[in-house]
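Working notes for the structure below.
The values are calculated or read from the model by the stated rules, or taken from the named source; none is laboratory data. Just so it is clear, the structure is predicted and the values come from calculations on it, not from any experiment. Every residue, glycine among them, receives a Cβ derived from its backbone with ideal geometry; neighbour counts consider all protein chains shown. Heads up: the accessible areas ignore ligands, DNA and RNA and are worked out on the full protein's heavy atoms, side chains in. Shrake-Rupley method; radii C 1.70, N 1.55, O 1.52, S 1.80 Å.
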Amino acid sequence: AAAGAEPRWCLARCVVLGGRQIPLTGMADVLNNPAFTRVTHLRFDRGLTGPALLEALGKEGGLNHIRSLDLSDGEIGLAGATTLAAMSLPSLQTLNLTGCGLLDAGVEVLSQAPWAAEIQSLDLSECGIGQSGAAAVSARFGGLSHLELRGSDRLGDAGLQELCSGDLRGLRSLNLSQ
C-alpha cells in the first residue's frame, strides 16, 4: 500500500492468516489496526495456531468484533482452551475447533467462558470428546443451533444421553458422522 493508504486487506470481512504471513510479534500491529475492526470472520491456518497464538491474541484484546473464529487443526489443547476461555469475545457466534486436541478437560474449561452461552455454531469434531465433554456442552452452550461432533469416537451412548438431557432446545442440526 502507498504511504498513508490503507492496506487492501482492510476492505475484507473475512481474513485467513497462515503460519508464514505474520509472526506472532507482528500480530499486535494487525489487531490494533483500526481497519481490522471491519473483520468479522477470522481463520488461522494450521501453521499459526496453537497455545502461543492464543496467548498473543489474549494479550492484545483486539477480537471484540469477531463473530466467527476458526482455529481448526491447531493443537491448542487444554492450555489453549484455558487462554481462549479467558478472552473477551462478546460478538462471537461461530467457533470451529476441529482437531484442536481439547479432550473433555478442554471443553469443560471452554464451557465456563463468559461467551459460551452466546455461541450459535460450535465445531468440536475430532477433539476426543466423551461423556463429560458432552455434559459441558449441553449444560453451558445453550444458544447452539448447530453442533458438529464428527469423529467423536469416545462419545458413546452416555455422551449422547448427556447431549439429549441438556439445555440444547434451540439445536437444529447435530452432526455425529464419522
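Numbers below:
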item: Region 84-142, subset of a type in the set (Asp, Glu) and under 26 Å from His65 (Cβ atoms), residue surrounded by the fewest Cβ atoms within 10 Å (Cβ to Cβ); result: Glu118
item: Count - residues of region 59-70 that are under 13 Å from the mean Cα position of the chain (by Cα) and at pLDDT below 75; result: 0
item: Members of region 143-155 that are surrounded by fewer than 21 Cβ atoms within 10 Å (Cβ to Cβ), out of contact with any Ser or Thr (no Cβ under 6 Å at 6 or more places or on another chain) and of a type in the set (Gly, Ala, Ser); result: Gly143, Ser145
item: Any hit, region 4-14, residues being modelled with pLDDT of 75 or more and out of contact with any Ser or Thr (no Cβ under 6 Å at 6 or more places or on another chain); result: yes
item: Tally of residues being in a helix (DSSP H, G or I) and within 24 Å of Gly99 (Cβ to Cβ) across region 158-178; result: 5
item: Only listed residue being over 30 Å from Gly156 (Cβ atoms) and not in a loop (DSSP other than H, G, I, E, B), chosen from Val30, Val137; result: Val30
item: Given (1) among the polar types (S, T, N, Q); (2) at pLDDT below 70; (3) surrounded by 14 or more Cβ atoms within 10 Å (Cβ to Cβ), number of the condition Thr40 does not satisfy; result: (2)
item: Glu75, sole failed condition from (1) open to solvent by 50 Å² or more (accessible area, probe 1.4 Å); (2) at pLDDT 85 or above; result: (2)
item: Complete set of residues in region 156-178 that are out of contact with any Gly (no Cβ under 8 Å at 6 or more places or on another chain), among the acidic types (Asp, Glu) and surrounded by 13 or more Cβ atoms within 10 Å (Cβ to Cβ); result: Glu162
